[in-house]
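The values are calculated or read from the model by the stated rules, or taken from the named source; none is laboratory data. Bear in mind that the values here come from a model prediction, so they are computed numbers and not experimental data. Virtual Cβ from ideal backbone geometry, glycine too; neighbours counted across all protein chains shown. Each accessible area value is taken on the protein alone, full model and side chains, heavy atoms only, with ligands, DNA and RNA left out. Shrake-Rupley method; radii C 1.70, N 1.55, O 1.52, S 1.80 Å.
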Amino acid sequence: FKMCPGRVISKLLCSGEKEVDLAVQSAKAAFKIWSQMSGMERSRVLLEAARIIREQREEIATLETINNGKSIFEARVDIDISWQCLEYYAGLAGSLAGEHIQLPGGSFGYTRREPLGVCVGIGAWNYPFQIACWKAAPALACGNAMVFKPSPFTPISVVRLAEIFTEAGVPKGLFNVVQGGVATGQFLCHHPDVAKISFTGSVPTGIKIMEMAAKGIKPVTLELGGKSPLIIFSDCALENAVNGALMANFLTQGEVCCNGTRVFVERKILDVFTKEVVKRTQKIKVGDPLLEDTRMGALINRPHLDRVQGFIKQAKEQGAVVLCGGDLYVPDDPKLKNGYYMRPCVLGNCTDDMTCVKEEIFGPVMSILPFDTEEEVVERANNTKFGLAGGVFTRDIQKAHRVVAALKAGMCFINNYNISPVELPFGGYKASGFGRENGRAAIEYYSQLKTVCVEMGDVESVF
């Protein structure tokens with residue numbers, strides 16, 4: 001593998017209505033076989049897929065780095081989370097069950113937890129392989145089939161996942177991949193044999209998917225954007241808080257939906273915190289993502305890089321101060337000269353009404369805002385249409401729990417940030433979407449309950 005920034009590494013045909021229908025029909029046929037297997041049988045197949053991913057970790061991580069531009073260091077973490085996700089749901093597959101309810105006179109009822117059918121997964125370009133596993137693992141564990149459409153910017157690694165599922169022993173067609181953009185997604189959402197849609201991406205696209213799903217009364221899971229608050233109290237462990245702020249802003253070149261990009265710092269430590277964050281940010285190694293010491297690779301494409309640069313320009317016009325970074329970066333290696341690199345940026349002198357503080361930038365740009373009181377910062381933190389995540393750094397554990405209880409966000413962190421254990425549900429409030437990925441909660445969104453009422457005596461008619 002070699003990095004070829006700004007150059008085409010493969011071409012894929014977009015799936016049209018005919019190809020989408022073939023994929024759905026193939027998945028529908030496989031569903032009839034898979035859904036009749038026991039949970040333990042499905043578990044063994046998922047465990048085998050996890051084993052293959054674990055053994056091919058380096059190869060898949062390299063593929064993902066070329067696919068997305070993130071550092072190989074981060075890509076390995078993504079692949080580890082992916083196989084852990086499959087292992088976790090393999091463990092749950094055999095435990096899926098309904099319940100028995102005793103009724104008067106010896107009668108009884110029971111519930112069955114049943115799969116939905118053919119589920120559609122539509123992924124984002126920031127975590128292509130990991131997102132596909134987050135959607136596929138609970139779907140398959142519950143007995144569903146899945147047709148997955150990756151982002152057209154990162155189409156490659158999910159194809160490898162489909163091959164791995166086949167190697168692991170899923171019925172042919174159980175996990176199908178279709179390629180394409182808006183039109184392909186529309187064909188999937190409108191298809192009458194699709195039972196559910198799970199989407200990760202932007203708010204505007206999420207709205208359109210919800211509208212299309214409504215026409216077929218299809219359930220949806222939406223994991224959308226964010227502009228999450230990270231609250232740094234003066235009683236924090238400073239070095240830990242600085243580490244948290246870097247983790248909350250610069251993973252995957254800042255292209256992370258739950259990033260804590262509004263960093264609220266208690267005024268009495270504003271200067272010392274800002275100085276340390278700037279010093280650490282300036283040391284982040286930018287460059288060839290396949291090198292072991294690189295910590296920030298290239299942004300996804302030129303239009304997105306230009307968009308992030310536009311946010312920084314506008315921030316300066318509105319009065320923000322660039323404390324470090326924000327400029328384009330040209331690596332010394334001539335083969336990387338056409339890459340979409342920029343230096344991670346820290347903005348100071350920010351206020352809540354600035355565009356850089358209100359809108360999701362989706363790039364390596366941190367906005368620092370001072371605050372004075374707990375009550376004030378909670379109100380400001382919640383003053384957003386988004387509600388995906390939030391974080392608090394403080395040594396006062398009572399204050400930490402009090403603040404996260406008040407935050408209107410689906411995923412909150414105390415003295416850490418941007419860790420994603422597969423055991424914990426992940427999802428947002430407000431415009432950041434609804435439904436949950438990961439944890440036991442995801443089972444609810446990939447299955448449905450059937451209630452059976454059994455009468456052991458004669459029916460008493462009122463007629």
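Which whole-number value in Å² is the accessible area per residue of region 229-414, probe 1.4 Å?
On a per-residue basis, region 229-414 sits at 42 Å².
Grab the DSSP H runs of the chain that are 4 residues or longer, score each as -39,500 (n - 2.57), total them, divide by all residues and round the 222 nm result to the nearest 500 deg cm²/dmol.
-12500 deg cm²/dmol
Each DSSP beta bridge with both residues in the chain is either parallel or antiparallel, and the antiparallel ones are about 35%.
Run the paramagnetic zone check for residue 450: 7 angstrom along Cα to Cβ, then residues of region 115-150 with backbone nitrogen under 13 Å. From region 115-150, the list is 115-117.
Sites listed here are GluC sites (Glu not before Pro) in region 1-78 whose DSSP assignment is loop and whose Cβ has at most 15 other Cβ atoms within 10 Å, and the list is empty. Gain on full extension, evaluated as 0.36 nm per residue between residue 12 and residue 243 minus their Cα-Cα distance, stands at 79.2 nm. Residues whose amide H lies under 5 Å from that of residue 349, counting only those 5 or more places away or on a different chain, are 321; hydrogens are built 1.01 Å from N in the peptide plane. Here's the picture: charge each Lys and Arg Cβ at +1 and each Asp and Glu Cβ at -1 in the chain, and of 186, 233, 120 the one pushed furthest to the positive end of that dipole is 186. Within the accessible area of the chain, the carbon and sulfur atoms contribute 55%, probe 1.4 Å, all protein chains present. The charge dipole of region 229-414, taken about its Cα centre with unit charges on the Cβ of Lys, Arg, Asp and Glu (plus for the first two, minus for the last two), comes to roughly 240 debye.
Using a cut-off of 11 Å between beta-carbons, work out the net charge of the residues near residue 261 (Lys and Arg +1, Asp and Glu -1, residue 261 not included). Taking every other residue near residue 261 into account, the sum is +1. Helix 238-250 and the long axis of the chain differ in direction by around 70°, with both axes built from C-alpha atoms. With respect to the chain, whose longest principal axis is taken over its alpha-carbon atoms, helix 397-406 is tilted by about 70°.
How big is the charge dipole of the chain about its Cα centre, in debye rounded to the nearest 20, if each Lys and Arg gets +1 on its Cβ and each Asp and Glu gets -1 on its Cβ?
The calculation lands at about 820 debye.
Ranking 119, 14 by solvent-accessible area of protein heavy atoms (1.4 Å probe, all protein chains present), from largest to smallest, gives 14, 119. If R0 is taken as 60 Å, the Cβ-Cβ distance between residue 402 and residue 301 corresponds to a FRET efficiency of 0.90. Compared with the dominant principal axis of the Cα atoms in the chain, helix 128-141 is inclined by about 20°. Spin-label pair residue 163-residue 40: with each label point 7 Å from Cα along the Cα-Cβ axis, the two points sit 3.3 nm from one another. Annotation: extensible slack from residue 372 through residue 190 equals 60.5 nm (criterion: 0.36 nm per residue apart, minus Cα-Cα distance). Have a look at the DSSP beta bridges in region 229-414 and tell me what percent are antiparallel, nearest 5. Taking every DSSP beta bridge with both residues in region 229-414, the antiparallel ones total about 15 percent.
Of the residues 277, 314, 350, the one whose Cα sits farthest toward the positive end of the charge dipole of region 229-414, with +1 on the Cβ of Lys and Arg and -1 on the Cβ of Asp and Glu, is 314. Whole-percent P(r), the chain, all Cα pairs, 10 Å bins from 0: 4, 20, 28, 25, 15, 6, 2, 1, 0.
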